[in-house]
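The structure under discussion appears below in the form of structure tokens.
The values are calculated or read from the model by the stated rules, or taken from the named source; none is laboratory data. Bear in mind that the values here come from a model prediction, so they are computed numbers and not experimental data. FYI the Cβ positions are ideal-geometry reconstructions off the backbone, even for glycines, and counts take in every protein chain you see. Areas reflect the complete protein model, heavy atoms only, side chains present, ligands, DNA and RNA absent. Shrake-Rupley method; radii C 1.70, N 1.55, O 1.52, S 1.80 Å.
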Amino acid sequence: MDIFSVFTLCGGLAFFLYGMTVMSKSLEKMAGGKLEQLLKRMTSNPFKSLLLGAGITIAIQSSSAMTVMLVGLVNSGVMELGQTIGVIMGSNIGTTLTAWILAMTGIESENVFVNLLKPENFSPLLALAGVILIMGSKQQRRRDIGRILVGFAILMYGMELMSGAVSPLADMPEFSSLLTAFNNPLLGVLVGAVFTGIIQSSAASVGILQALALTGSITYGMAIPVIMGQNIGTCVTALISSIGVNRNAKRVAVIHISFNIIGTTICLLIFYGVGMFVPFSFLDDTVGALGIAFCHTVFNVFTTILLLPFSRQLEKLARAVVRGESKAEDFAFLDPLLLHTPSVAVSECVSMANRMGALARENVQLAIRQLSDYQSSREEQIVSNEDKLDIYEDRLGSYLVEISQHGVSMDDIHTVSRLLHAIGDFERVGDHALNLQESAQELHDKELCFSSGASAELTVLLDALQDILDKALASFQTDDAAMAAEVEPLEETIDRLTEELRVRHIRRLQTGACTIQLGFVFNDLLTNLERISDHCSNIAVSVIEEQDDQVDRHSYIQDLKDEGGFNSQLQDNLRKYRLPARE
């Protein structure tokens, strides 16, 4: 083995890691926000969490990405610490699939169909199909499938390069003498942990071990401790991701590390303890790629079965290691770690935008109540909510721009566009709610009150406003384009009501039934209520735009008003929100 073989080995490792990254990111993009929804739903008990962790890790082909995702979700307050334990254990089982796929490289047969099972034989075809999909398809989903195929082919090419680079080692006596050191289990565990920690990929570490096994120089006695150590080394990713997060998120990393260290220690004690009394003759046998995959799976399944009943104890251990209580932010959360899984980050942004919309509606309702029942405590809550809405818009807007710079699916791109349009409108609704509060405060401080006619008219307008707020927010939260289409007739209804109220207000001024001072307040109220309905219209149109990216905002509204259904709904609304007879 010369220096060029070392270069080839490094290149093979680079291809392997790059292929794994491309494949896992494309798989994660295709899964979309479903990952986060599943995590929220299926973590009610340890067994569901276990299956979920295994399933998601198999789907995205990366236990490291799974762990980083969990740290981010716990840091954000979306998941509780206890919910992550089963998922972490399951991800250790899910990551063994890669070793089984790589094990197929050792298949030897003269049968054509059996040989087709070897990845090195069928991966060129997958690469060709992937390139055709990437270059020839206009659909984002198909291009993602193409990237998965190309990523897999690159991964397998890297594995083939590594196998070819280390094959000369079989004839080197120096390599054989070096391997005798691995007969020491503790050294084997250390080497496996350190090497996996450096490259931060247990799949790549196992792949290199399988490549070495193809030389025929690795025995079960050498491989088993290294495999155990690889599980410890993969915790480095969790450790790095826990830097700068809250205490609960740090505890996720502690659980991951303690699970693997405790599992490895127990397995070493049991395996070599029993071996002292019942010698395992197979330890001196040569192990192949298939044998390594088998040992890897048995070890992970055994440690999981062993420690799953002690989930609560692992949580207590994590809390003992990382002491103190986490003070989570109670109204806004966005963890940069979630950017490693953009679809999950988008899903979190949707949840935050929904909360922002609900907060904006709450502020409008509080401000409306101030008009008839002014309270200083309610004023403080309105001001506090408005500050939160400003923070929401600032953080959420910046975060959405960051997400756009990462690889996201076309569906997620549409969702990001909808959110960017809507959060500005939610913040402006909050501003107008604050203006309503100021008008209410002026009425209270100056002991002013509207005439009975003006109050009755304003009540009709406020009822219509409540209706449009409910419809706009509900359509946004459910992403319902049909419900969103009902908002525009209501907005036109409110415009007409506002226009009529202004006419009546001028008539009261002319007859002396209303004072100039009250008139200014009344006009300010009408202006702010009308602006709130305009923003509700914008929110509804953003929902429709997400469903059909060909929709133009202004032409859509014009086309909608030309339809017969619009006029029918408008007339229904005008009958529903009929103003009382003029004074």
Check your understanding: With the Cα gyration tensor of segment 413-497 giving a ≥ b ≥ c as the square roots of its eigenvalues, does the rule (a/c under 1.5 for rounded; else a/b larger than b/c for prolate; else oblate) give rounded, prolate or oblate?
Key -> oblate
Practice item. Skip the ligands, DNA and RNA, and give the accessible area per residue of segment 188-228 with a 1.4 Å probe, whole Å². Key: 26
Point to revise | Ranked by how many other beta carbons lie within 10 Å on average, peptides 207-216, 312-321 from highest | key: 207-216, 312-321
Practice item. Let me know the shape class of segment 429-553, please: from the alpha-carbon gyration tensor, a ≥ b ≥ c as square roots of the eigenvalues, rounded when a/c is under 1.5, otherwise prolate if a/b is greater than b/c, or oblate. Key: prolate
Point to revise | Order of exposure, largest accessible area first, which applies to ARG531, ARG251 with probe 1.4 Å | key: ARG531, ARG251
Review point. Rounded to the nearest 10 Å², what accessible area does LYS446 show when all protein chains are kept and the probe is 1.4 Å?
Key: 100
**Study point:** Accessible area per residue, Å², segment 244-401 with all protein chains present, probe 1.4 Å
**Key:** 47
**Study point:** Exposure of ASP285 as accessible area (Å², to 10), given a probe of 1.4 Å and all protein chains
**Key:** 80
Review point. Ordering SER201, SER377, SER417 by how much accessible area each has at a 1.4 Å probe, largest first, what is the list?
Key: SER377, SER417, SER201
Exercise for review: Between the alpha-carbon centers of segment 227-296 and segment 408-474, tell me the distance in whole angstrom.
Suggested key: 56
Study note, to complete from the structure: Full extension between MET276 and THR511 adds, at 0.36 nm per residue less the Cα distance, a length in nm of 73.9 nm
Practice item. For MET135, MET356, give the ranking by accessible area with the largest first, probe 1.4 Å. Key: MET135, MET356
Practice item. On the full set of protein chains, 1.4 Å probe, figure out the accessible area of PHE566 and give it in Å² to the nearest 10. Key: 10
Check your understanding: How would you classify segment 352-487 from its alpha-carbon gyration tensor, with a ≥ b ≥ c the square roots of the eigenvalues: rounded for a/c under 1.5, else prolate if a/b is greater than b/c, otherwise oblate?
Key -> oblate
Study note, to complete from the structure: Excluding ligands, DNA and RNA, the carbon-plus-sulfur percentage of the accessible area of segment 454-527 with a 1.4 Å probe reads 55
